[in-house]
1. Within region 178-193, work out how many residues are among the hydroxyl-bearing types (Ser, Thr, Tyr) and under 23 Å from the mean Cα position of the chain (by Cα).
2. Among the residues of region 37-58, how many are in contact with a His (Cβ under 8 Å, 6 or more places away or on another chain) and under 23 Å from residue 372 (Cα atoms)?
3. Do you know which of the residues in region 374-428 that are free of Cβ contacts under 8 Å to residues at least 24 places away in the same chain and aliphatic (A, V, I, L, M) is farthest from residue 224 (Cα to Cα)?
4. Given the conditions (1) surrounded by fewer than 24 Cβ atoms within 10 Å (Cβ to Cβ); (2) in contact with a helix residue (DSSP H, G or I) (Cβ under 7 Å, 6 or more places away or on another chain); (3) assigned to a loop (DSSP other than H, G, I, E, B), and given that residue 305 satisfies all but one, which numbered condition is not satisfied?
5. What about residue 372, is it in contact with a strand residue (DSSP E or B) (Cβ under 6 Å, 6 or more places away or on another chain), of a type in the set (A, V, I, L, M), surrounded by 14 or more Cβ atoms within 10 Å (Cβ to Cβ) and part of a strand (DSSP E or B)?
6. Within region 194-211, does at least one residue satisfy the condition of being more than 20 Å from residue 386 (Cα to Cα) and within 17 Å of the chain's Cα centre (by Cα)?
7. State the number of residues belonging to region 78-94 that are within 20 Å of residue 331 (Cα to Cα) and of a type outside the set (Val, Ile, Thr).
8. What is the number of the single condition among (1) touching a Ser or Thr at 6+ places or on another chain (Cβ under 8 Å); (2) surrounded by 12 or more Cβ atoms within 10 Å (Cβ to Cβ); (3) over 15 Å from residue 29 (Cβ atoms) that residue 188 does not meet?
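The values are calculated or read from the model by the stated rules, or taken from the named source; none is laboratory data. In this text, all values refer to a predicted model and were calculated from it rather than measured experimentally. Cβ sites come from the backbone with ideal geometry, for glycine too, and all protein chains shown count toward neighbours.
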Amino acid sequence: MGISLDSDTRSAELFVRAQESIAGGVTSVVRGTSAGWLPYPPMIQRGDGSHLYDVDENEYIDYVLGHGPLILGHRPRNVTQAVAEAILEYGNMFALPYEMEQQVAEKIRERFPSIELVKFSNSGSEATHYAVRLARALTGRDKIIKFEGQYHGWTDATEYSYHPAIKDLGPRTSPRTIPAAAGTPMDYARLIITQPWNDADILRKTIRDQRGEIAAVITEPIMANCGVIPPTDGYLKFLREVTRENDILLIFDEVITGLRAARGGAQELYGVKPDITVLAKALGAGFAVAAYGGSRTVMEPVARDEILHAGTYNANVVAMSAAKATLDELDKPGTYENLERVSAKLANGAREIFERAGIPAQVQRVASFFQIYFSPRPIREYRDAAQYADLVKFRKLQVALRKRGVLIYPNGLGRWFLSTAHTNSDIEATLNAVEDAVGEF
């Protein structure tokens with residue numbers, strides 16, 4: 001075990017210093033000690049391909065990958081070069097239209113047949129907020145259905161019942177809607193109807209009972225903010241049918257899944273077209289860009305400026321040049337096949353290690369992201385994860401791997417992400433580290 005987590009490291013020193021000028025020492029909750037980065041997060045010096053290097057000269061194989069955006073790895077040469085050249089040629093922003101944003105929109109339309117018109121923004125949180133606003137404006141209704149354990153950004157429109165304590169959930173047939181952050185008015189929570197994921201019967205009854213009040217159902221088509229929980233067979237098609245039958249809009253939050261589950265997202269993988277799609281993260285391969293879109297009928301009120309969409313930095317040159325280059329890179333022959341190959345090798349290899357060790361574990365994977373749940377049974381919804389996943393054991397695995405140069409998110413409800421930069425050597429080294437770490441359990 002070569003990497004020290006002692007208090008005399010440069011990372012520890014810088015984390016103490018950071019807390020003197022940055023609230024909590026980090027600028028996102030998922031980067032600090034409350035997220036599980038104990039005794040302190042590694043202070044990063046640089047990233048290259050599938051590897052990260054910290055200020056103590058430690059090297060890690062990275063499976064955090066910025067929580068999903070880095071589908072091409074760190075500093076992908078062609079994307080970085082395209083952005084630099086675009087800035088030098090055009091500038092960095094205009095607050096006026098230009099051709100490149102049309103080119104990116106056309107590429108998105110080609111990948112996602114459910115999208116005929118698109119609008120750009122700067123983060124997944126912004127884009128989901130716009131999507132919810134659009135649904136409410138189109139239907140004239142205020143209530144939104146979301147699912148326990150799903151995350152749709154940090155705004156007051158959607159951040160409810162993310163990872164609440166199981167004692168607070170309420171009955172499964174009628175879950176409580178729980179604000180995920182202090183400062184969220186409870187009056188907003190009454191506009192959210194919370195449901196368990198993967199349960200058609202409960203949702204059907206809820207929609208029947210409150211049909212005239214519901215604007216939209218918003219969902220991650222694959223739960224990817226509570227580990228990785230795929231939809232059960234036919235569940236997404238059920239969502240499409242039940243929303244259409246009841247004149248309710250269906251929003252797919254494909255912020256994580258959009259370019260990972262398949263070339264055209266989870267909607268391509270499962271053959272289901274939503275009314276509104278939200279994209280972000282991998283769309284820019286590490287540069288900040290997001291989008292939402294839908295059919296021409298759905299988006300026309302936005303096109304006519306009847307529904308406000310604004311933003312100083314929307315579709316800036318950095319974002320558009322990054323998105324354009326990223327989509328071009330992902331369209332190179334064999335890209336998704338190679339991602340599938342390395343992802344399957346790692347997930348299947350980890351599963352075999354736990355089986356040999358006699359450790360009950362569920363390795364749940366879709367395409368290039370997966371999670372390990374230390375649970376005797378498959379995880380099908382948030383309540384399963386809250387009840388059965390051993391988060392303490394996962395934390396032990398994370399610490400053991402960090403000491404061995406493998407970086408994963410420390411919370412057992414996170415995910416492992418892979419990129420086109422991960423190699424067979426990375427996978428073999430990671431599996432060796434997992435096998436070695438299991439000996440500490």
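1. The qualifying residues number 1.
2. 3
3. Here the residue is 392.
4. It is condition (2) that residue 305 fails.
5. Considered against the rule, which asks whether it is in contact with a strand residue (DSSP E or B) (Cβ under 6 Å, 6 or more places away or on another chain), of a type in the set (A, V, I, L, M), surrounded by 14 or more Cβ atoms within 10 Å (Cβ to Cβ) and part of a strand (DSSP E or B), residue 372 comes out as yes.
6. Scanning region 194-211 turns up no residue that is more than 20 Å from residue 386 (Cα to Cα) and within 17 Å of the chain's Cα centre (by Cα).
7. 3
8. Residue 188 satisfies every listed condition except (1).
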